[in-house]
Structures are given as structure tokens and as C-alpha cells.
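Enquirer: Here it is, the structure in full.
The numbers here are math on the coordinates, done by the rules we state, and not lab data. As the structure is a prediction and not an experimental result, all values here were calculated from the model. Positions of Cβ are generated from backbone atoms using ideal geometry, with glycine treated the same way; all protein chains shown enter the neighbour counts.
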Amino acid sequence: MNNIIFSDKKKYDEVLENISKWWFSNLHILSDFDKTLTREFIDWEKRPSLISILRRQNILWEEYSKKAYDLFDYYNPIEINPNISLEEKKEQMTIWWEKHLDLLVKSGLKKQDIDKAINSWIIRFREWVKDFLSNMNDKNVPIVVISANWLGSDSNYLFLEQNNVLFQNIKIISNSFIWDNNWIAIWYNKPVIHVFNKDETVLKSFPSIYDSVKSRKNVILLWDSLGDPAMIHWFEYNNLLKIWFLNDKVDELLEDYKKHYDVVITWDWDFDFINELTKTIKN
């Protein structure tokens, strides 16, 4: 089975060659977290999200699960409706995310609740991802991870730490909470990151991260959603490789993915191709 599919192999080779000419010093990685760096399936079973652990185990206030599902039932049809404009979706998703984050605060979210979700081992890195992260750290290549995770950057950092890959080159852009002295959430920070604003435009709100990549005009995108190719459009890049993970419904979605991306990696595959790609870039 061929899990690595090129939309245009000649174009891919040309772009990679151009990136290689500039070495690692002009490169940065833009990546999603869930279902990109991590696996969507474990033992052939689709993994639930971290936030679902709080619902399933009734870790929070007893009304949390019901209210969270009510929000999902109202806003998810908007998220997936192809007849609603992107601008309207962005507006509605901001409302949804803010309502859910507010609900988490009102439900008494504690830092230890996030620890419980991570310690459930419900998420795992793809094979060879840790090698990739380590190699990029050795080469001083910034990896900007943009995640719409409701449990936010605390969960991302904790997972990286548990796997001994919390490197300085990894920059996390995600939702985050304001904690009191007892590590109980009392509010959340803005801007809110949701499924339709996970792009490099949010870097304007994170100037230290933006400063680390603004001069690096070669970009490798690693993502898993068909709705995400616009994430890089505003950034003035020289060379761009778009690599997407199509983890499910391959027969149904492959042709659409090939229209938008340079490489499609199917069936929740490992990171071996990504690691081999980086070996072609000179020091």
C-alpha cells in the first residue's frame, strides 16, 4: 500500500530543492497538533479528544457535560455546513469557543484535571515524531504548533514534557487559562484559537513567536484538515511545501486533498517520510 501520495512529484522535487539551497537557517515548520503530530487511531480504534475525557469521566461540575453537548449540537452543524461563508463560520466558532471556555471556568476546571486527561494516555505521538522534533531542535528550526484544543497550551506542554521533547524550538499557539494560586481556572486569554483561525495571522498576537519566524521564508506545513490551506496565504514565503495527513475516508477524500496539497500521507501513517525529507536539507 502506498501511503505517500504526491499531487505533482516534479513540483514537489523543485520546491524541496529550492528549500535545500537555503539550508535550515531559512526554514520554519507550521504544524497542527492533534491528528498531525499525534495519531488519530490506536489499535485500529479512533481516539477521542482530550476534552471528551472530562465529559466521559464526569471530572467537572455535573452540568458541564450536558451544557457542552448542547453547545456542540448547536454549533457543529454551522462548522460543517458548506453553504455558510468562512467569515460567518469564524464569527460563530469564536462564539462557540468562548462559551465553552467560559463553561470550563464556571465548572471549576483545575490544572490537575488537565493532568488527568493527559495521564489517561488517550493520545500518542505518531511513530518517529519524537525523532523529527529532536532533529529540528538540533538544527534550530522553529516549529510553530497551532492548536484549537479547548484544554489549551497547558495540555500541549505537559504532553511534550512527558515524552521528553519539550524543546526550546517548539512554539505553542493555543488557548490558555488564567489560574489562581490554587491552580483553578479563573478566566482564559484571548485571542481564542478555533478551527477556522488556526493560521499564521494569529502570530500578530504572539510577537515573540512571530519574531522567531518572520525572516524564515521557507515553510513546511503539516496538517490534517481540508479546511486549512488558507492558513499560510498572508505570510510572504519564498518556498512552501504543504503536507497533509488524511487519516480516514481516504477513498472519499483523496482527490480533493490532492488538489490542495503537495503530499498526502494516508491512513494515519508514521513520520518516516518527513524525517527523510529533512535529510535532504543541508546544514
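Enquirer: Take the residue pairs Lys9/Lys139; Lys35/Lys110; Lys217/Lys259; Lys106/Lys171; Lys11/Lys258; Lys171/Lys214 and return only those whose Cα atoms are more than 18 Å apart.
Expert: Lys9/Lys139; Lys35/Lys110; Lys217/Lys259; Lys106/Lys171
Enquirer: Which FRET efficiency value, to the nearest 0.05, do you get for Lys204 and Asp43 by plugging their Cβ-Cβ distance into 1/(1 + (r/R0)^6) with R0 = 41 Å? Intermediate results must be reported in sequence, preceding the final value.
Expert: Numbers: r = 41 Å, r/R0 = 1.01.
The calculated FRET efficiency here is 0.50.
Enquirer: Additional query: Could you pull out every residue, at least 5 positions away or on a different chain, whose amide H is within less than 5 Å of the one on Tyr188? Hs are placed 1.01 Å off N in the peptide plane, and Pro or chain starts have none.
Expert: Amide H neighbours of Tyr188: Ile178.
Enquirer: Could you go through region 59-65 in sequence order and give the Karplus-derived ³J(HN,Hα) for each residue, using 6.51 cos²θ - 1.76 cosθ + 1.60 with θ = phi - 60°, rounded to whole Hz, and x for Gly and Pro?
Expert: My calculation for region 59-65 gives 6, 9, 2, 4, 7, 4, 4 Hz in order.
Enquirer: Right, next: Loop by DSSP (not H, G, I, E, B), at most 15 other beta-carbon atoms within 10 Å: where is the longest site-free stretch of the chain for GluC sites (Glu not before Pro)? Working shown, then result.
Expert: Details: sites that count: Glu62, Glu63, Glu127, Glu236.
Value returned for the longest uninterrupted segment is 128-235.
Enquirer: For every helix of n ≥ 4 consecutive DSSP H residues, a contribution of -39,500 (n - 2.57) applies; sum these over the chain, divide by its total residues, and give [θ] at 222 nm rounded to the nearest 500 deg cm²/dmol. List each step's numbers first, then the result.
Expert: Values: 10 runs with 114 residues, N = 283.
Rounded to the nearest 500, the figure is -12500 deg cm²/dmol.
Enquirer: Another one. Using amide H atoms built 1.01 Å from N in the peptide plane, name the residues 5+ places from Phe41, or on other chains, whose amide H lies under 5 Å from its own.
Expert: Residues meeting the criterion, in which the H sits 1.01 Å from N, are Arg47.
Enquirer: Return, ordered by residue number, the residues of region 31-69 whose backbone nitrogen is under 18 Å from a label point located 7 Å along Cα→Cβ of Arg124.
Expert: Answer for this model: 34-50.
Enquirer: OK, next. Between Asp256 and Ile78, what length in nm is gained on full extension when 0.36 nm per residue of separation is reduced by their alpha carbon distance?
Expert: Full extension from Asp256 to Ile78 adds 62.0 nm.
Enquirer: Between Arg56 and Glu91, how high is the FRET efficiency from 1/(1 + (r/R0)^6) when r is the Cβ-Cβ distance and R₀ = 30 Å? Nearest 0.05.
Expert: My answer for the efficiency is 0.50.
Enquirer: While we're looking at this one, here's another question. Would you calculate the separation in nanometres between label points at Tyr69 and Lys110, each defined as 7 Å from the Cα along the Cα-to-beta-carbon direction?
Expert: 2.5 nm
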